[in-house]
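Report on one structure; see the data block that follows.
The values are calculated or read from the model by the stated rules, or taken from the named source; none is laboratory data. As the structure is a computational prediction, the values presented were derived from the model and not from experiment. Glycine also receives a Cβ, built like all others from the backbone with ideal geometry; neighbour counts cover every protein chain displayed. Quick note on the areas: whole protein, heavy atoms, side chains included, nothing else; ligands and nucleic acids left out. Shrake-Rupley method; radii C 1.70, N 1.55, O 1.52, S 1.80 Å.
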Amino acid sequence: MAVTNVLRPERAGRSDEMGQRGRGPRGTGRGGGPGRNRGRGRAGGSARLRRWEWVSGYTFVAPTVLLFAAFVGWPILYAAYLSLTRWSGFGIPQFIGLDNYTRMANDPVARHAFVVTVLYAIATTVLQTAIPLVIAVLVANVWKGLSVVVRTILFVPGLVSFVVSGALWKLIYDPNIGTLNRTLRGLGLGSLAANWLSTPSLVLPAIIAVSLWMAIGMNMLIFFAGIQGIDPSLYEAAEVDGASRFQQFRFVTIPGLRIVTAIVISLNLMNGFKVFDIIFVMTGGGPSHQSEVFGTYLYSLAFGSTGGSVPQLGYGSAFSVVVMLLCGVAVLVQIVLARRAAR
């Protein structure tokens, strides 16, 4: 009993001491004081770190954003404004609202140029997607021994600028000294020789062939790289199941290249909608506007080749806005196709 009585006050003192430690100073409750301050310190440090990362990120991005705004964003906005004005390049632009777009809708040359632009974009997109895809499959699976040679030969034309390619093929298509007609006559096929760039029904297919010649190599390499990313075990499983080469292409290769195909289609559409240089060099939009596209007609309007040699920058800017909207359609096509491929 004596021992118990002696220990009880000691235990009580320890209990009071532990209770005071648990309550913390000034009744802040359990875990108050230094522990809570340490938690606040960690929270403040993480907040400062996030703020520093935010500032650093925007500091790195700012030069690109400023350059884009100055050299891309502002010209787009100014062109959209000029499309609502009548301006020859001198003096103050006169605001006329949507009159330029109304004039465009009633302009027979503009309507024909729109049709030619759309036809050119669709034709080049289909050909420059399907043919390079087939060649890429052949290079990857059939012509393996000649893969490097074929890829190099097909890629070289893409290294030549559109202006140089247009000038070169203009000489090839020449009806008198051109290589194409001379070759046809030498092979006894003189009946097929023609004025390729002067015949209304042949001029657009001739230009499309040149565009295909230039783009086939790059698009083939894109598809070839995509094929390398397809799991080989899928082809092995299909072969075990008895699938033919065509069935492997249809059910393995094409589904595996959906995202790549969406990118190629979008690029071809945009290049088709904004085509200018190759047509300008080869035909200038002729004969009789049969190869006229928005780009060439815009140039002739803006720099005074039509309309009595008076520059029509306001009317020409309206065409540039339409071309930009068409390129936006191409981007939307890519987004839709990419989302479907990701499902």
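Charges were assigned to the Cβ only: +1 to each Lys and Arg, -1 to each Asp and Glu. The resulting dipole of the chain about its Cα centre is roughly 2200 debye.
Identify the chymotrypsin sites (Phe, Trp or Tyr not before Pro) of region 159-244 meeting these criteria: DSSP loop state and at most 12 other C-beta atoms within 10 Å of the C-beta. Please list the in-between numbers first.
On the way: sites: F162, W169, Y173, W196, W213, F223, F224, Y235; in loops: Y173, W196.
Answer by residue number: there is no such site.
Give me the percent of accessible area attributable to carbon and sulfur for region 141-261, probe 1.4 angstrom. Walk me through the numbers on the way to the answer.
Values: 4800 of 7230 Å².
It is 66 percent, rounded to a whole number.
Reported to the nearest whole Å, the Cα centre-to-centre distance from region 104-145 to region 281-343 is 16. With contributions of -39500 (n - 2.57) from each DSSP H run of at least four residues, the per-residue ellipticity at 222 nm computed over the chain stands at -23000 deg cm²/dmol.
Using a cutoff of 8 angstrom between alpha carbon atoms and counting only pairs six or more residues apart, the relative contact order for the chain works out to 23 percent. GNM remark for the chain: springs join alpha carbons under 10 Å apart, and the peak mean-square fluctuation among L154, L84, L192 falls on L192. Across G186, G328, G272, mean-square fluctuation computed from a Gaussian network of the chain (C-alpha pairs under 10 Å connected) peaks at G186. Under the classification rounded if a/c is under 1.5, otherwise prolate if a/b is larger than b/c and oblate if not, where does region 206-256 fall, given a ≥ b ≥ c as square roots of the Cα gyration tensor eigenvalues? Prolate is the answer for region 206-256, as a/c is 1.5 or above and a/b outweighs b/c.
Just checking the listed ones, G190, G97, G284: in the Gaussian network model of the chain with Cα springs under 10 Å, the one fluctuating most is G190. Projecting the Cα atoms of A238, G272, S201 onto the dipole axis of region 199-284, where Lys and Arg carry +1 and Asp and Glu carry -1 at the beta carbon, places S201 farthest toward the positive end. Each of G73, V333, I216 was placed along the dipole of the chain (beta-carbon charges, centred on the mean Cα), and the one lying farthest toward the positive end is G73. Note on region 230-331: along the principal axes its Cα atoms extend 71, 26, 15 Å, ordered by decreasing extent. Among the listed values [x] 5, 22, 28, 25, 14, 5, 1, 0, 0; [y] 5, 24, 33, 25, 11, 3, 0; [z] 5, 16, 19, 18, 13, 8, 5, 5, 4, 3, 2, 1, 0, 0, the one matching P(r) over Cα pairs in 10 Å bins from 0, in percent as calculated from this structure is [z].
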